[in-house]
1. Starting from region 161-188, take each residue that is at positive phi and loosely packed, with under 14 Cβ neighbours inside 10 Å and list its partners that are in a strand (DSSP E or B) and at pLDDT 95 or above, counting only C-beta distances under 9 angstrom and pairs at least six apart or across chains.
2. Could you identify the single residue in 356, 310 that is under 20 Å from residue 44 (Cβ atoms) and modelled with pLDDT under 95?
3. Which pairs have Cβ atoms under 9 Å, sit 6 or more apart or on different chains, and link a residue in region 325-347 that is at positive phi and in contact (Cβ under 8 Å) with a residue 60 or more places away in the chain to one that is assigned to a loop (DSSP other than H, G, I, E, B) and surrounded by 14 or more Cβ atoms within 10 Å (Cβ to Cβ)?
4. Can you report the number of residues in region 1-41 which are at pLDDT 70 or above and out of contact with any helix residue (DSSP H, G or I) (no Cβ under 6 Å at 6 or more places or on another chain)?
5. Find all pairs meeting these conditions: Cβ atoms under 8 angstrom apart; at least six residues apart or on different chains; first residue within region 96-112 and at negative phi and in contact (Cβ under 8 Å) with a residue 40 or more places away in the chain; second residue surrounded by fewer than 19 Cβ atoms within 10 Å (Cβ to Cβ) and in a helix (DSSP H, G or I).
6. Could you run through region 280-300 and say how many residues are in contact (Cβ under 8 Å) with a residue 60 or more places away in the chain, under 22 Å from residue 375 (Cβ atoms) and out of contact with any helix residue (DSSP H, G or I) (no Cβ under 6 Å at 6 or more places or on another chain)?
7. Could you please find all residues in region 42-85 being touching a strand residue (DSSP E or B) at 6+ places or on another chain (Cβ under 6 Å) and part of a loop (DSSP other than H, G, I, E, B)?
8. With the condition kept exactly as written, say whether any residue in region 335-346 is closer than 21 Å to residue 56 by Cβ, surrounded by 21 or more Cβ atoms within 10 Å (Cβ to Cβ) and under 21 Å from the mean Cα position of the chain (by Cα).
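The values are calculated or read from the model by the stated rules, or taken from the named source; none is laboratory data. Computed from a predicted model, the values in this text were never measured in an experiment. With ideal geometry, Cβ positions are generated from the backbone for all residues, glycine too; neighbour counts draw on all protein chains shown.
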């Protein structure tokens with residue numbers, strides 16, 4: 001790969017069994033070195049991280065329970081009933097999309113360069129396959145045969161939940177026949193209806209109800225699946241959030257040794273064709289969020305400041321963000337079960353570690369399309385991506 005000189009180095013010996021002192025999903029930790037600056041402009045050269053699964057050096061297959069919780073969204077009128085416009089209730093139901101999601105390359109196997117496997121496993125193997133022993137040979141391996149190093153999701157559809165958005169906090173668009181096509185919802189209202197606000201948890205929110213029912217646990221990767229429901233921040237001009245990954249934090253209890261509980265999750269919306277540029281449709285949002293979740297499950301993996309080719313300036317291990325704004329090849333087409341799916345191309349770990357020669361399967365900085373991201377960010381940037389003097 002060409003571009004700016006890289007300075008990154010990855011420590012293998014620092015891998016461990018996971019972040020200590022928490023009750024959450026299986027993860028492993030490590031660190032890389034690269035010159036940079038923290039949020040306050042202080043020099044920093046060592047960057048710790050946590051990744052979903054087990055360390056590559058240990059090999060084997062880790063299977064993680066992956067609940068899928070379909071969430072129906074109603075847009076409410078002034079009187080509190082479900083709004084009706086053009087003869088149709090403004091209800092957005094993801095249940096018809098559950099099967100296409102399960103059959104997508106997110107959960108079903110597909111022959112990537114790193115093996116016939118699931119989406120997130122394929123990306124992880126591109127990032128860390130060089131650290132796996134025992135003859136794991138990437139594209140020559142089928143994850144179904146049980147060998148090598150894999151981190152797989154076991155999808156499990158759970159009880160349908162319902163979210164109702166109060167009047168004044170939503171917008172909508174319709175199909176030619178007047179039926180509802182998409183909803184755009186106030187992000188703060190959405191989050192308050194999604195996450196439990198109190199402890200002990202009650203069932204007044206989507207996640208609170210799911211936790212109480214046992215539909216999502218601290219050991220899971222949970223997907224809250226929506227149908228063309230997007231978010232704006234503050235006002236409709238700040239649109240649109242197509243998904244996010246995070247976790248619900250709950251205090252520990254005597255039953256778990258009083259360890260803080262982190263329920264790792266993502267909100268992702270199925271995307272109708274033609275709503276957004278760049279080929280963003282169907283599972284683009286879900287692919288983006290799950291890739292980022294695997295690389296940054298606790299949303300605290302800081303990196304040196306980087307400037308993406310699209311002009312994005314950030315300092316965290318968000319693998320989808322570095323590519324989503326590109327005008328060409330932000331998505332990758334995959335044909336399965338009579339459908340064409342559009343997962344998003346992702347920047348890989350080595351790009352954020354500023355490796356001049358990427359230790360990926362084919363030495364690339366992006367996956368699956370290795371031509372999407374071919375250069376590193378300018379290095380040694382101050383907050384705001386200002387070049388250091």
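1. 168/186; 178/85; 178/88
2. Unique residue meeting the criteria: 356.
3. Between residues of region 325-347 that are at positive phi and in contact (Cβ under 8 Å) with a residue 60 or more places away in the chain and residues that are assigned to a loop (DSSP other than H, G, I, E, B) and surrounded by 14 or more Cβ atoms within 10 Å (Cβ to Cβ), the close pairs are 337/103; 337/104; 337/108.
4. Residues meeting the conditions: 24.
5. 108/102; 112/139
6. Summing the residues that are in contact (Cβ under 8 Å) with a residue 60 or more places away in the chain, under 22 Å from residue 375 (Cβ atoms) and out of contact with any helix residue (DSSP H, G or I) (no Cβ under 6 Å at 6 or more places or on another chain) in region 280-300 gives 1.
7. Correct list: 53, 54, 55, 59, 83.
8. The initial filter retains those residues of region 335-346 that are closer than 21 Å to residue 56 by Cβ, namely 346.
Filter once more, keeping what is surrounded by 21 or more Cβ atoms within 10 Å (Cβ to Cβ): 346.
Filter once more, so that each one left must be under 21 Å from the mean Cα position of the chain (by Cα): 346.
For region 335-346, residues closer than 21 Å to residue 56 by Cβ, surrounded by 21 or more Cβ atoms within 10 Å (Cβ to Cβ) and under 21 Å from the mean Cα position of the chain (by Cα): present.
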